[in-house]
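**Student:** Let me give you the structure first, and then I'll get to my questions.
The values are calculated or read from the model by the stated rules, or taken from the named source; none is laboratory data. The shown structure was predicted, so the numbers you read here are calculated from the model rather than taken from an experiment. Positions of Cβ are generated from backbone atoms using ideal geometry, with glycine treated the same way; all protein chains shown enter the neighbour counts. Please note that ligands, DNA and RNA were not included when accessible areas were found on the heavy atoms of the full protein model with its side chains. Shrake-Rupley method; radii C 1.70, N 1.55, O 1.52, S 1.80 Å.
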Amino acid sequence: MTDYPHLLAPLDLGFTTLKNRVLMGSMHTGLEETRDWNRVAEFYAERARGEVALMVTGGIGPNLEGSVLPGAAMMTTAEDVKNHAIVTGRVHDAGGKIAMQILHAGRYAYGPKCVAPSPIKSPISPFVPTELDEDGIEKQIGDIVNAARLAQEAGYDGVEIMGSEGYFLNQFIVTHTNTRTDRWGGSYENRIRLPIEVVRRVRQAVGTDFIIIYRLSMIDLIPNGSTFDEVVQLAKEIEKAGATIINTGIGWHEARVPTIATSVPRRAFAWVTQKLMGQVSIPLITSNRINTPEVAENVLAEGCADMVSMARPMLADAHFVRKAMEGAGAQIAPCIACNQACLDHTFSGKLTSCLVNPRACHETELVIEPAATQKTVAIVGAGPAGLSTAMTCAERGHKVTVFDKAAEIGGQLNMAKQIPGKEEFWGFVDWYRTMMDTLEIDVRLNTEVGPDDLESFDEVIIATGVSPRDPGIPGQDSTHVLTYIDVLRDQAEVGERVAVIGAGGIGFDVSEYLVHDGESPTENLPDWMTEWGVADPADHRGGLVPEGPKPEAPTRAVTLLQRKAEKHGKRLGKTTGWIHRASLKMKDVTFVGGVNYERIDEAGLHVSSGEGRENPTLIEADTIVMCAGQTPLRDLADALEAKGIVPHVIGGADVAAELDAKRAIEQGTRLAATL
Ligand code: FAD
Ligand code: NAP
Ligand code: SF4
């Protein structure tokens, strides 16, 4: 008997059966653009071996003008068919099914040749699109149909037609982007003509026994988005036009509401899909922030959808479904929704990977094989660097002992999990604990080791992390000056007016912690929706409350300072920095930049500006919290070297500048793969 009867139940589509209810949602990984089709194939085949029922590829362009970026993968030629056939063949050999997503980006296409229903620039693109005429629209339909036909030829089990997230088809649907007056604009019937025509013509071209998923925007989260009645009308027409399944799209890319970041509650939008259940007779897929088999099972058991889409969780663990089937759900590496190695990479032009699983998209290059000789390995430090090294060493057959002076494993992750909106870090540390037990790693807590204790090991790895940087501000020894460690780990008392020194990731997080009290909105969906101004699209067009976000009042008056004159949070994650900034702004946090720290006294923090140290100003504060960066903690590494033992030094102990868990984990895993 399984814990996940709904999740693991097959889904009969008539002409084919899906083996369970898990769809791997489309992700633009950048793999297709490497043109290394063996690598692309291995990425998907690994997930097929992990028992996911159906996968959707990253968005593939139907033509040049519709491709997301110049050089993005397309499906237009016989050569494309040949390359994609390598992928479909490998997936089928592994027992999987795969659909190709056809993505026409419309005005989101990054290039001057982009096209759209009307010449209205998107706030997230520098390009004004060209308005399509009748022939132009006909060409786009023809190109999409052609891509579907070629996908079928390449052996795909189906296609997903991207009609949400503010892309081309979605741009026709709403007046926000469609101001046409011909038969493709004006009334709602006219505005949905294009997606319906596309689905109808694709079905005509591919015949009956081929999956067509239509990704339908169920809540646009933009001004003048669709109402729910309109969503229902479109869904019914899409069913009639021949779609096999409808997948849920949540929010346009330009929406100012977070939809998949870690601070978004789990399954935050399953209720939107549920509203559509019963309105159409084809299966519905729900998505966004579903990242454990328990959450997925509950969503299905409650009748929110017929299937769940999980995309990033399949990066974190390719064997998600297999582990759920085997009753080993606790061993599933959790997607913490950080975006740090997936979406942030995509938007920086880098290949996608995963913070938790550096092998994601590197399956052919970062290979974990049994070690030729079993060694004894000592690892000092049970932060993410040490823990990931320990796991990979143990998987390879080494005998591993981990030492940490703290009472629990996790290192700084234990501070991260205190931050409202970062609750996923709890499960992340729990998973490491499970894996230490599963892999029979000897973990010795409350144990500070010296060089003599490490002499007998074949390999010694120092992963002791960092110390907070001393900013050397006169007066910083006063009792009302704290470090982020005092606040987050030791729960020191903090006054009502606070100056936070340093606006890096930790300064932002500490500010977030200080302005909240009680339950985090991430743990309470109605509160979170109020905070961000999200409503039922049946009540408000596009699912946005007209009055906008309504956050709880801040519990403290916080001033966040930095010496740089640049915008606060400029160096935070590409896809999440704006959320952190918006969140603190909503809580009236004052951003002060371009300062020199002069001194601290009972009244607060004295600062000046510019090289001439002009404009002396007092930031009145009851408490000052220092988040001024970090330096490597490598005393033990130095002591070992003095004894002639050369350890491997990783994570913060190696380089503290720009350290994050992503780098710590990747460095540890890659080292362990070579020992
Ligand atoms: P650490 O995590 O610092 O672990 C070092 C370990 O070594 C500790 O457990 C310590 O007790 C132990 N140790 C030290 N000396 C000894 C000794 N002599 N003997 C035995 N044990 C010893 N990163 C992200 O990527 N994303 C985030 O969202 C994020 N949020 C963060 C939020 C906060 C509030 C903080 C503080 C950090 C955050 N980070 C985040 C940073 C991330 O946690 C660190 O980059 C990461 O933990 C560094 O890993 P590490 O293993 O090198 O060191
Ligand atoms: P950080 O990002 O390097 O920020 C340090 C801050 O301290 C900067 O704002 C810097 O700004 C300031 N500073 C540096 N030297 C100073 C000095 N001598 N005196 C006063 N101020 C000084 O480091 P962090 O905030 O400590 O974070 C550590 C790492 O954890 C980061 O690399 C980050 O990636 C990671 N982290 C990530 C997240 C996330 O959400 N992804 C969250 C938390 C932490 P000025 O020099 O302008 O003053
Ligand atoms: Fe999930 Fe973060 Fe990995 Fe992306 S990088 S898949 S968000 S854990």
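**Student:** Pairs please, first residue from the range 332-352 and outside the structural domain of residue 575 (by TED's automatic domain parsing), second anywhere and of a type in the set (Lys, Arg) and crowded, with 22+ Cβ neighbours inside 10 Å, Cβ atoms under 6 Å, 6+ apart in sequence or on different chains.
**Tutor:** 335/312; 342/312
Matching residues to (1) within 23 Å of the chain's Cα centre (by Cα); (2) more than 24 Å from residue 138 (Cβ to Cβ):
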| residue | (1), (2) |
| --- | --- |
| 190 | no, no |
| 211 | no, yes |
| 219 | yes, yes |
| 223 | no, yes |
| 240 | no, no |
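**Student:** Being assigned by TED's automatic domain parsing to the domain that holds residue 413, under 37 Å from the mean Cα position of the chain (by Cα) and either open to solvent by 50 Å² or more (accessible area, probe 1.4 Å) or hydrophobic (A, V, I, L, M, F, W, C) (or both) is true for just one of 636, 640. Which residue is that?
**Tutor:** Values: 640 fails: under 37 Å from the mean Cα position of the chain (by Cα).
Of 636, 640, the one residue that is assigned by TED's automatic domain parsing to the domain that holds residue 413, under 37 Å from the mean Cα position of the chain (by Cα) and either open to solvent by 50 Å² or more (accessible area, probe 1.4 Å) or hydrophobic (A, V, I, L, M, F, W, C) (or both) is 636.
**Student:** Within the range 549-573, work out how many residues are touching a Phe, Trp or Tyr at 6+ places or on another chain (Cβ under 9 Å) and either farther than 30 Å from residue 620 by Cβ or within 16 Å of ligand 1 (Cβ to nearest atom) (or both).
**Tutor:** Residues that pass the stated criteria total 3.
**Student:** Can you find a residue that is touching an Asp or Glu at 6+ places or on another chain (Cβ under 9 Å), assigned to a loop (DSSP other than H, G, I, E, B) and not aliphatic (A, V, I, L, M) anywhere in the range 201-210? Full working, then the answer.
**Tutor:** First, the residues of the range 201-210 that are touching an Asp or Glu at 6+ places or on another chain (Cβ under 9 Å): 210.
With the extra rule that they be assigned to a loop (DSSP other than H, G, I, E, B), the set shrinks to 210.
Okay, now just the ones that are also not aliphatic (A, V, I, L, M), so 210.
Checking the range 201-210: at least one residue is touching an Asp or Glu at 6+ places or on another chain (Cβ under 9 Å), assigned to a loop (DSSP other than H, G, I, E, B) and not aliphatic (A, V, I, L, M).
**Student:** Is it the case that residue 232 is over 28 Å from the mean Cα position of the chain (by Cα), of a type outside the set (Asp, Glu) and crowded, with 21+ Cβ neighbours inside 10 Å? Reasoning before the result, please.
**Tutor:** Details: over 28 Å from the mean Cα position of the chain (by Cα): yes; of a type outside the set (Asp, Glu): yes; crowded, with 21+ Cβ neighbours inside 10 Å: no.
So residue 232 fails the test.
**Student:** Among the residues that make up the range 381-389, is at least one of them within 16 Å of ligand 2 (Cβ to nearest atom), touching a residue at least 40 places away in the same chain (Cβ under 8 Å), open to solvent by 30 Å² or more (accessible area, probe 1.4 Å) and closer than 27 Å to residue 415 by Cβ?
**Tutor:** No - not one qualifying residue is present in the range 381-389.
**Student:** Can you pull out every residue in the range 144-167 that is touching a residue at least 60 places away in the same chain (Cβ under 8 Å), surrounded by fewer than 21 Cβ atoms within 10 Å (Cβ to Cβ) and in a helix (DSSP H, G or I)?
**Tutor:** Across the range 144-167, the qualifying residues are 146, 153.
**Student:** Would you confirm whether or not the range 577-584 contains a residue that is closer than 22 Å to residue 504 by Cβ, free of Cβ contacts under 8 Å to residues at least 40 places away in the same chain and among the small types (Gly, Ala, Ser)?
**Tutor:** yes
Yes/no matrix, rows are residues, columns are (1) touching a Pro at 6+ places or on another chain (Cβ under 7 Å); (2) more than 14 Å from residue 412 (Cβ to Cβ):
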| position | (1), (2) |
| --- | --- |
| 460 | yes, yes |
| 464 | no, no |
| 472 | no, yes |
| 492 | no, yes |
| 501 | yes, yes |
| 510 | no, no |
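**Student:** State all residues of the range 507-536 that are touching a Leu at 6+ places or on another chain (Cβ under 9 Å) and assigned to a loop (DSSP other than H, G, I, E, B); if no residue qualifies, say none.
**Tutor:** Selection gives 533, 535.
**Student:** Sort through 51, 46, 33 and tell me the only one that's open to solvent by 10 Å² or more (accessible area, probe 1.4 Å), on the phi < 0 side of the Ramachandran plot and either at pLDDT 95 or above or part of a loop (DSSP other than H, G, I, E, B) (or both). Please lay out each step first, then the result.
**Tutor:** On the way: 51 fails: on the phi < 0 side of the Ramachandran plot; 33 fails: either at pLDDT 95 or above or part of a loop (DSSP other than H, G, I, E, B) (or both).
That would be 46, the only listed residue that is open to solvent by 10 Å² or more (accessible area, probe 1.4 Å), on the phi < 0 side of the Ramachandran plot and either at pLDDT 95 or above or part of a loop (DSSP other than H, G, I, E, B) (or both).
**Student:** Tell me, which strands (runs of 3 or more DSSP E) wholly within the range 390-484 include 2 or more residues that are more than 10 Å from ligand 1 (Cβ to nearest atom)? It would help to see each step written out before you state the result.
**Tutor:** Numbers: elements: 399-403, 442-444, 459-462, 466-468, 481-483.
So the answer is 399-403, 442-444, 459-462, 481-483.
**Student:** Can you list residue pairs whose Cβ atoms sit under 9 Å apart, with the first residue in the range 412-425 being in contact (Cβ under 8 Å) with a residue 60 or more places away in the chain and basic (Lys, Arg) and the second being part of a loop (DSSP other than H, G, I, E, B) and more than 6 Å from ligand 1 (Cβ to nearest atom)? Count only pairs 6 or more apart in sequence or on different chains.
**Tutor:** 422/262; 422/263; 422/336; 422/520
**Student:** Another question, then. Wholly within the range 574-675, which strands (runs of 3 or more DSSP E) include no fewer than the required count, namely at least 2 residues that are over 30 Å from residue 316 (Cβ atoms) and away from ligand 1 (no atom under 16 Å from the Cβ)? Outline the logic, then answer.
**Tutor:** On the way: elements: 590-592, 595-601, 604-609, 614-620, 623-626, 630-632.
Because the criterion is at least 2 residues that are over 30 Å from residue 316 (Cβ atoms) and away from ligand 1 (no atom under 16 Å from the Cβ), the strands (runs of 3 or more DSSP E) in the range 574-675 that meet it are 590-592, 595-601, 604-609, 614-620, 623-626.
**Student:** Of the conditions (1) within 21 Å of residue 338 (Cβ to Cβ); (2) within 14 Å of ligand 2 (Cβ to nearest atom); (3) in contact with a helix residue (DSSP H, G or I) (Cβ under 9 Å, 6 or more places away or on another chain), residue 500 fails just one. Which one is it?
**Tutor:** For residue 500, the failing item is (1).
**Student:** Kindly indicate whether residue 285 is open to solvent by less than 10 Å² (accessible area, probe 1.4 Å), touching a residue at least 40 places away in the same chain (Cβ under 8 Å), farther than 17 Å from residue 308 by Cβ and not in a loop (DSSP other than H, G, I, E, B). Walk me through it before giving the result.
**Tutor:** On the way: open to solvent by less than 10 Å² (accessible area, probe 1.4 Å): yes; touching a residue at least 40 places away in the same chain (Cβ under 8 Å): yes; farther than 17 Å from residue 308 by Cβ: no; not in a loop (DSSP other than H, G, I, E, B): yes.
In short, no.
**Student:** Report yes if some residue within the range 68-85 is within 19 Å of residue 166 (Cα to Cα), in the same structural domain as residue 168 (by TED's automatic domain parsing) and touching a strand residue (DSSP E or B) at 6+ places or on another chain (Cβ under 8 Å); otherwise report no.
**Tutor:** yes
**Student:** Suppose we filter the range 168-185 for residues that are part of a loop (DSSP other than H, G, I, E, B) and under 22 Å from residue 231 (Cβ atoms); how many remain? Before you say what the answer is, go through the steps one by one.
**Tutor:** So in the range 168-185, the residues part of a loop (DSSP other than H, G, I, E, B) come out as 174-185.
If we keep only those that are under 22 Å from residue 231 (Cβ atoms) as well, we get 174-180, 183-185.
So the count comes out to 10.
**Student:** Okay, next question. For residue 368, indicate whether it is at pLDDT 95 or above, away from ligand 2 (no atom under 16 Å from the Cβ) and buried (at least 20 other Cβ atoms within 10 Å of the Cβ). Reasoning before the result, please.
**Tutor:** Values: at pLDDT 95 or above: yes; away from ligand 2 (no atom under 16 Å from the Cβ): yes; buried (at least 20 other Cβ atoms within 10 Å of the Cβ): no.
Considered against the rule, which asks whether it is at pLDDT 95 or above, away from ligand 2 (no atom under 16 Å from the Cβ) and buried (at least 20 other Cβ atoms within 10 Å of the Cβ), residue 368 comes out as no.
**Student:** While we're looking at this one, here's another question. Out of the residues in the range 54-68 that are farther than 18 Å from residue 211 by Cβ and in contact with a Lys or Arg (Cβ under 9 Å, 6 or more places away or on another chain), state the one that is surrounded by the most Cβ atoms within 10 Å (Cβ to Cβ).
**Tutor:** Within the range 54-68, the first condition is being farther than 18 Å from residue 211 by Cβ, and the residues that meet it are 61, 63-68.
Add one more test, that the residue is in contact with a Lys or Arg (Cβ under 9 Å, 6 or more places away or on another chain), and what stays is 63-65.
Working: 63: 19, 64: 15, 65: 23.
Among those that are farther than 18 Å from residue 211 by Cβ and in contact with a Lys or Arg (Cβ under 9 Å, 6 or more places away or on another chain), it is 65.
**Student:** I'm told residue 514 meets every condition in (1) farther than 23 Å from residue 578 by Cβ; (2) surrounded by 21 or more Cβ atoms within 10 Å (Cβ to Cβ); (3) away from ligand 2 (no atom under 11 Å from the Cβ) except one. Can you identify the failing condition by its number?
**Tutor:** Only one criterion in (1) farther than 23 Å from residue 578 by Cβ; (2) surrounded by 21 or more Cβ atoms within 10 Å (Cβ to Cβ); (3) away from ligand 2 (no atom under 11 Å from the Cβ) is unmet by residue 514, namely (1).
**Student:** If you don't mind, there's one more thing I want to ask. Scan the range 525-543 and tell me whether some residue there is within 16 Å of ligand 3 (Cβ to nearest atom) and modelled with pLDDT of 95 or more.
**Tutor:** Keep residues of the range 525-543 that are within 16 Å of ligand 3 (Cβ to nearest atom), which gives none.
Checked the range 525-543: no residue is within 16 Å of ligand 3 (Cβ to nearest atom) and modelled with pLDDT of 95 or more.
**Student:** Considering only residues that are open to solvent by 20 Å² or more (accessible area, probe 1.4 Å) and not in a loop (DSSP other than H, G, I, E, B), look in the range 330-364 and name the one that is farthest from residue 31 (Cα to Cα).
**Tutor:** Among those residues, the one meeting the criterion is 330.
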